[in-house]
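Worksheet: the structure to be examined is printed underneath.
The values are calculated or read from the model by the stated rules, or taken from the named source; none is laboratory data. In this text the structure is predicted, and so the values were computed from the model without any measurement. Here the Cβ positions follow ideal geometry from the backbone for every residue, glycine too, while neighbour counts run over all protein chains shown. SASA here: full protein model, heavy atoms, side chains in, ligands and nucleic acids out. Shrake-Rupley method; radii C 1.70, N 1.55, O 1.52, S 1.80 Å.
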Amino acid sequence: MKKKYVILLVLLLLAVLGYNSVYFKKLSDVKNANKEDFNFKAYADSIYYKGILKSKKNIALTDLIAMVQSNPETAFKKYGNRLGIGNSAYFMIQSTGKIIDIKDGLYTIADAKNGVIYIDTKYIFGNAIRDASGLVKLTDFKTNAQFNKVSESINDIIRNEVIPNEIKKVGIGDSVSFSGAIKLSKKQSLFKDITVIPSQIKRQ
């Protein structure tokens, strides 16, 4: 009889210890913790320096325009990147030209083959660079907020670190090479007033 009570007491003690050792966190707390642990700056650095700057998917603007005009399906399939469906996509392009005007961070470039091109060095926001690169997938992240945080981190590197260092070396009359993101439509017939969100600007 005494043995039976001892066994019951041991089982009760184990149950109490087990209950106190198990606890549950709110799902939102876990997600927030995971989000905070992820180093977006380091990830964006890798995407930019090891991916965007070394990408072989960048296409000369002249070649892209010619391809979109002659065979838009091929151009969009091979070089365009978009998250959903539609007639528009982002492209990573490269070209050269001469700076003919600078106003409030907007560089006007005389591109010998493509006419006047604008490079916006001030308003580097949104998802253009991220999406044009084709290097970041929505499925790699748990939430849209995290996915958009990648854009913010890449933009911060370009807007605050890369471009300021590069544009201080150039001025009106200088020839430059540049790369960056543009948005085009399959139905586009005119290629005027193209604005590039830059990933890099170099004096030639």
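Quick notes on this one:
- Over region 129-204, all Cα pairs binned in 5 Å intervals from 0 give whole-percent P(r) values of 3, 12, 19, 19, 17, 15, 10, 4, 1, 0, listed from short to long.
- Sites matching trypsin sites (Lys or Arg not before Pro) across region 35-131 that sit in DSSP coil, with at most 14 neighbouring C-beta atoms within 10 Å: 54, 56, 113, 122
- Each residue, residue 185 and residue 82, gets one label point 7 Å from its Cα in the Cβ direction; the gap between the two is 1.1 nm.
- Percent carbon-and-sulfur accessible area, region 101-204, ignoring ligands, DNA and RNA, probe 1.4 Å: 49
- Going by accessible surface with a 1.4 Å probe and the largest first, 53, 61 read 53, 61.
- Efficiency of FRET between residue 46 and residue 106 - r from beta-carbon atoms, R0 45 angstrom, step 0.05: 0.95
- Restricting the calculation to Cα atoms, every distinct pair contributes to the Kirkwood radius of region 59-169, found to be 15.7 Å.
- Compared with the alpha-carbon gap, the fully stretched path from residue 116 to residue 71 is longer by 13.9 nm at 0.36 nm per residue.
- Members of 56/183; 77/187; 137/183; 50/103 lying beyond 21 Å, as alpha-carbon distances in this model show: 50/103
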